[in-house]
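All remarks here apply to the structure that follows.
The values are calculated or read from the model by the stated rules, or taken from the named source; none is laboratory data. This one's a predicted model, so the numbers in the text were calculated from it and none came from an experiment. Ideal geometry is used to build each Cβ from the backbone, glycine not excepted, and the neighbour counts take in all protein chains shown. The accessibility values were calculated without ligands, DNA or RNA, using every heavy atom of the protein model including side chains. Shrake-Rupley method; radii C 1.70, N 1.55, O 1.52, S 1.80 Å.
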Amino acid sequence: MRIIVQLKMAFLLVACGSILTAGEPFVIRNVRVFDGNRMLAPTSVSISGGKIQKIGSGIRPPAGARIIDGAGKTLLPGLIDAHVHLRTMDDLETVLAFGVTTCLDMFTLQELAARARAEQAAGKAVRRADMLSAGTPATAPGGHGTEYGVPIPTLSRAEEAQGFVEARLAEGSDYLKIMKDDGSAFGFRRPTLDATTVGALIRAAHARERLAIVHIATASDAREAIAGGVDGIAHVYAGAADPELARAASARAVFWTPTLAVITHDAPAASRAAAFAVVRGLEDAGVQVLAGTDAPNPGTAFGETLHTELELLVAAGISPAKALGAATSATAAAFRLADRGRIAAGTRADLVLVDGDPVLDIRATRRILMVWKEGVLVKDKQH
């Protein structure tokens, strides 16, 4: 769960084939459609102006529209990675080649986040994934997040919570990230925020209509966050599954991003099994589980690891359809992104065409044929 902030690394975007200009209409025919919640029988989807226009049989293509044969293929909403740590703008290009059209950053330099937001707003980010970001997380002096050589503001008392949140919002943070982790899950000790301060931060975020997400490492961390009114929890906790904790999260409508790919990387079999059991317990209790990678931590890579995360969620006992939802509609709903995460008339044409049926075999998400961002074709393996 360590956050690695590296500022001068870059990845190459997988080479794209033919590129459509923005707004050029196209129709995908005879394609299975996962609409964000369920798989639809083969049908047609019409796209123009960067948005989905119609879904259904008998669509008459607009004049000059490109016709794409979707037989044997599945159309997915653009994938959303619910937990990353951006290092450079190139990371947002890298993920797009893997069908990830939106990244939710949980700690990066404010300057990088500000640049990404500005270029998105100016329409200059079509060929990279969109980004939302917490910017600087809330942590104690010497706490988790201060160890990476990047000076960040900290706080020690609940009375400082409102000022901290206001400063983050002034920088443009889209939501608040809070560190609640004293290192005990990893065999050492470090300072962390107390429950009173965590609660005050959550209330301050809510007063400004922002979500609050708490990074945890133990079940007691999670209990404190839920009692404080948190919206979402990042990472599964160490140790045995706690059914009562899962029921409490469900009762408070708390979403949970397990980040299994990083949690289980190089983990002993017993620890891996325990993490899977926690996720199964969350699912059984009705907690909304989201798909996030914690890239670029050890064992992860931007874009590719989201497909690994989907496979791990399925291995933990979540159905393939629910896992796909965890990387599309569920994350969009949790983070109040009404324009994406679904295939429906009027939503953004962030789309991924894959070979096969990922509801039958989740590994089909890796067989990417085409990717569109706002209706612009940014990857095409068919030409």
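Could you please let me know if Ala321 is open to solvent by 10 Å² or more (accessible area, probe 1.4 Å), in contact (Cβ under 8 Å) with a residue 60 or more places away in the chain and part of a helix (DSSP H, G or I)?
Judged against the criteria, Ala321 is a match.
Return the only residue of Leu377, Leu369, Leu353, Leu360 being in a strand (DSSP E or B) and open to solvent by 20 Å² or more (accessible area, probe 1.4 Å).
None of the others qualify; the one that does is Leu369.
Scan region 298-318 residue by residue and report those that are open to solvent by 10 Å² or more (accessible area, probe 1.4 Å), of a type outside the set (Gly, Ala, Ser) and farther than 17 Å from Gly281 by Cα.
Within region 298-318, Pro298, Thr300, Glu304, Thr308, Glu311 qualify.
What do you reckon, is Val287 modelled with pLDDT of 95 or more, touching a Phe, Trp or Tyr at 6+ places or on another chain (Cβ under 6 Å), open to solvent by less than 40 Å² (accessible area, probe 1.4 Å) and assigned to a loop (DSSP other than H, G, I, E, B)?
yes
If Leu132 meets every condition in (1) touching a Lys or Arg at 6+ places or on another chain (Cβ under 9 Å); (2) under 30 Å from Arg348 (Cα atoms); (3) of a type outside the set (Lys, Arg); (4) outside any strand (DSSP E or B) apart from one, which number is that one?
Against the list (1) touching a Lys or Arg at 6+ places or on another chain (Cβ under 9 Å); (2) under 30 Å from Arg348 (Cα atoms); (3) of a type outside the set (Lys, Arg); (4) outside any strand (DSSP E or B), Leu132 comes up short only on (4).
Within region 209-249, how many residues are of a type outside the set (A, V, I, L, M, F, W, C), more than 20 Å from the chain's Cα centre (by Cα) and under 23 Å from Ala315 (Cβ atoms)?
3
Quick check on my filter: what residues within region 333-350 are open to solvent by 30 Å² or more (accessible area, probe 1.4 Å) and either free of Cβ contacts under 8 Å to residues at least 60 places away in the same chain or of a type in the set (Gly, Ala, Ser) (or both)?
Residues satisfying the conditions are Ala333, Ala338, Asp339, Ala345, Gly346.
Step by step: first the residues of region 159-178, then only those that are more than 24 Å from the chain's Cα centre (by Cα) and closer than 24 Å to His235 by Cα, then the one that is surrounded by the most Cβ atoms within 10 Å (Cβ to Cβ). Which residue is that?
Per the stated criteria, the residue is Ala161.
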